[in-house]
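A.B. asks: Take this structure first; my questions come after.
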Amino acid sequence: MPDLSTLALFAVACLMLTATPGPDMLLIASRSASQGRVSGWATLAGIQVGTYGHALAAAFGLSQLFLAVPFAYDLIRYAGAAYLLYLAWGAFRSRSMALAPTAGLNRHSIVQVFRQGLLTNLLNPKMALFILALFPQFLHPNKGSVALQIMLLATVLNLIGIFVNGAVIMMASRIGIALAGHNRLGRAPQFLLGTVFVSLAARRAFDGRR
């Protein structure tokens, strides 16, 4: 297993990367503002389970497929963009006021939000390439199973994400509550969420491998 100094260095790198605003943080913030902190945490949980999925793929060499077969990368990328547009359509069509569901969110709605976060992450091939680019720098094949080391690094990344994105969830949900108190702005978070989905879809469809 990696020693403490290696894990500490990796944790610092993860903190710097996680604290930098990106698609995941934007999605979590907009979901928290539109549906409250419970939905924000469910979205984060889905994203983090997706991170473990990408880590497992990297451990078994499946992520190398994106480097060897460009078509596979593009296929996943466009599928992800189409799914985000589908989520945007649902957000724009929603007639519920912002945060109205949070007082009585049922198990199905939380599972649905979790699944959306999970699929959004799994259908992001850049996450797989990110793990392939960052993780090998902190792996030591002579110190135990590489697969276990990859999963340990993924756990460190997710723990850092809980603290950073947890602060985002709390702040964004308070903003959503404040907006919900104004009738004219009550649906603003829903439109924000839909706009975020559209922007993420466009970025994923046209950004390529940059």
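What follows draws every value from the coordinates through simple rules; no lab data is involved. Since we're looking at a predicted model, the values are computed, not measured. Here the Cβ positions follow ideal geometry from the backbone for every residue, glycine too, while neighbour counts run over all protein chains shown.
A.B. asks: Need the full-extension length gain, residue 111 to residue 162, defined as separation in residues times 0.36 nm minus the C-alpha distance. One decimal, nm.
C.D. replies: 16.5 nm
A.B. asks: Could you please rank 131, 110, placing first whichever residue has the fewest other Cβ atoms within 10 Å of its Cβ?
C.D. replies: Details: 131 21, 110 16.
Taking fewest neighbouring Cβ atoms as first place, the list is 110, 131.
A.B. asks: Full-extension gain between residue 170 and residue 11, please, as 0.36 nm times their residue separation minus the C-alpha to C-alpha distance.
C.D. replies: Extra length from residue 170 to residue 11 when fully extended: 55.0 nm.
A.B. asks: Let me ask you something else. Taking the number of other C-beta atoms within 10 Å as the exposure measure, put 157, 87, 193, 15 in order starting with the fewest. Intermediate values should be presented prior to the final figure.
C.D. replies: On the way: 157 24, 87 20, 193 27, 15 16.
If I rank by nearby Cβ atoms, fewest first, I get 15, 87, 157, 193.
A.B. asks: At what distance in nm do the modelled label points of residue 56 and residue 148 sit from each other, each positioned 7 Å from its Cα along Cα→Cβ?
C.D. replies: 1.8 nm
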